[in-house]
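Working notes for the structure below.
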Amino acid sequence: MKKLFYVEMKNSAGEYEPLGVMTMEDAFKHAWAHDHATVKFTEVRALTPAETR
């Protein structure tokens with residue numbers, strides 16, 4: 001299973017905006033295709049049953 005990340009990309013105003021959950025490879029492909037250089041990643045991990053309540 002590939003690692004998933006919550007991805008944000010810096011916009012033209014210098015603020016991060018969400019892209020969603022995706023693989024790092026997909027995030028870089030998206031950033032490259034849209035001429036964005038700054039991408040922020042937060043690893044998504046499996047939740048424990050206690051965290052889902």
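The values are calculated or read from the model by the stated rules, or taken from the named source; none is laboratory data. Keep in mind that this is a model prediction, so the values were computed, not measured. Here Cβ is always computed from backbone atoms with ideal geometry, including for glycine, and neighbour counts include all displayed protein chains. Just the protein is used for accessible areas: all its heavy atoms, side chains included, with ligands, DNA and RNA removed. Shrake-Rupley method; radii C 1.70, N 1.55, O 1.52, S 1.80 Å.
General observations
- Where a residue in the stretch 9-23 is closer than 13 Å to LYS40 by Cβ and its partner, wherever it lies, is loosely packed, with under 13 Cβ neighbours inside 10 Å and at pLDDT 90 or above, with Cβ under 7 Å and at least six apart: MET9/GLU17; ASN11/GLU17
- Scan of the stretch 22-45 for residues that are farther than 10 Å from LEU4 by Cα and in a loop (DSSP other than H, G, I, E, B), ordered by number: HIS34, ASP35, HIS36, ALA37, THR38
- Scan of the stretch 2-17 for residues that are under 12 Å from HIS34 (Cβ atoms) and open to solvent by 90 Å² or more (accessible area, probe 1.4 Å), ordered by number: SER12
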